[in-house]
Amino acid sequence: MTSPAPRVTVLYDAMRWEEKALMEAGRREGIDVRMVDCRGLAQELDGRDAADAASAHGVVLQRCVSYYRSVHSTAALEGLGATVINPMMTGVLAGNKLYAHMLLKKSGVPVPKARVAFSRDAALEALDRTGYPAVIKPTVGSWGRMVSRLTGRDAAAGVLEGREGMYPLYHVHYMEEFVDRPERDIRVIMVGGRAAAAIYRYSGSSWKTNMATGGRAEACPVTAEMEEICIKAARAVGGEVVGVDMMESRDRGHLVHEVNNTTEFKNTVRVCGVDVPAAIMRYAAGRARGKDGA
Ligand SMILES: Nc1ncnc2c1ncn2[C@@H]1O[C@H](COP(=O)(O)OP(=O)(O)O)[C@@H](O)[C@H]1O
Ligand SMILES: [Mg+2]
């Protein structure tokens, strides 16, 4: 008798190129792929039926774009006994730039110099001590939104002033040195402890290199040194499938500034020609079969 196909549920809240590619790759690989729109999910949290419903999902590949939907749906499913890639704590830790920075540093991953302040005045004082230019970021956010370069005290005071009237998340001032780097950064897609592929992301209309700002991508060779940093970075947040973002500093080599919990990989596939979705689905199927990976 042949064993049943491993079941992988792709949990999404927007059907982007990535989610379609995961679905198609999974089907090609003979995996029992279920596509579940998280926006339609109402999950019982108690009783036997609830646990059965969670186990019926098999291994869940978390793909929600919304940070809150992603972390909370993972919490619900994991709490009922489901295996979710990535686990809830990875979403929480990688999704917060301060938590991630502290964990990466502890794990020996090179990171930009950073500081945190809990009021506008304390932030300005910290910046006076460390100097300009600097970068201020929301602890939770993506696509470069609300990430600002602070060129001097006036610019900093203006940005901090604006933050005063916002949601309390923006009253936590997480700041980094402005890293002296080329007009690009590097995104490495990590799958099950290995680098699947990497791209350089060149700035478009902004000093930021997020693809959302209209930049361009180029294939980036992954050196052994880079892979070692990325393995440590993924491990630091317990990530199984993550995008590790790093900058090439002129004086200190590669510095990791972010680990993405539900990483985009469309441009990586396009410019590297590596079948990233198949690698991810094979890995998830391996977990569904109770192995460490495919
Ligand atoms: N310390 C820094 N020095 C120079 N550029 C930075 C620094 N931090 C971030 N950037 C640039 O800003 C972009 C967005 O920052 P990031 O921390 O990745 O936030 P987001 O989660 O919004 O993508 C990065 O891709 C990079 O190009
Ligand atoms: Mg980023």
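The values are calculated or read from the model by the stated rules, or taken from the named source; none is laboratory data. Just so you know, these numbers come straight off a predicted model, no measurement behind them. Positions of Cβ are generated from backbone atoms using ideal geometry, with glycine treated the same way; all protein chains shown enter the neighbour counts.
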Original post:
What number of residues within the range 109-123 are over 26 Å from the mean Cα position of the chain (by Cα) and surrounded by fewer than 17 Cβ atoms within 10 Å (Cβ to Cβ)?
Top reply: 3
Original post:
If you go through the range 130-146 one residue at a time, do you hit one that is part of a loop (DSSP other than H, G, I, E, B), β-branched (Val, Ile, Thr) and in contact with a Leu (Cβ under 8 Å, 6 or more places away or on another chain)?
Top reply: yes
Original post:
Given the conditions (1) more than 16 Å from ligand 2 (Cβ to nearest atom); (2) in a helix (DSSP H, G or I); (3) of a type outside the set (Ser, Thr, Tyr), which single one is not true for Asn267?
Top reply: (1)
Original post:
Looking only at residues in the range 36-82 that are buried (at least 17 other Cβ atoms within 10 Å of the Cβ) and of a type in the set (D, E, K, R), which one is farthest from Pro6 (Cα to Cα)?
Top reply: Arg69
Original post:
Looking at (1) among the hydrophobic types (A, V, I, L, M, F, W, C); (2) over 15 Å from the mean Cα position of the chain (by Cα); (3) surrounded by 24 or more Cβ atoms within 10 Å (Cβ to Cβ), can you tell me which one Leu255 breaks?
Top reply: (3)
**OP:** Only residues that are farther than 25 Å from Glu18 by Cα and in a loop (DSSP other than H, G, I, E, B): list them for the range 225-261, please.
**Re:** Arg250, Asp251, Arg252
Original post:
Failed condition for Leu160, given (1) in a loop (DSSP other than H, G, I, E, B); (2) at pLDDT 95 or above; (3) over 22 Å from Glu258 (Cα atoms), with all others met?
Top reply: (1)
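Conditions (1) of a type outside the set (Val, Ile, Thr); (2) within 15 Å of ligand 1 (Cβ to nearest atom); (3) at pLDDT below 95; (4) in contact with a helix residue (DSSP H, G or I) (Cβ under 7 Å, 6 or more places away or on another chain), marked per residue:
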| site | (1), (2), (3), (4) |
| --- | --- |
| Ala234 | yes, no, no, no |
| Glu248 | yes, yes, no, no |
| Arg252 | yes, yes, no, no |
| Ala278 | yes, no, no, yes |
**OP:** Pick out the one residue from Val191, Val242 that is within 16 Å of ligand 2 (Cβ to nearest atom), within 21 Å of Leu104 (Cβ to Cβ) and either touching a Phe, Trp or Tyr at 6+ places or on another chain (Cβ under 9 Å) or at pLDDT 95 or above (or both).
**Re:** Val242
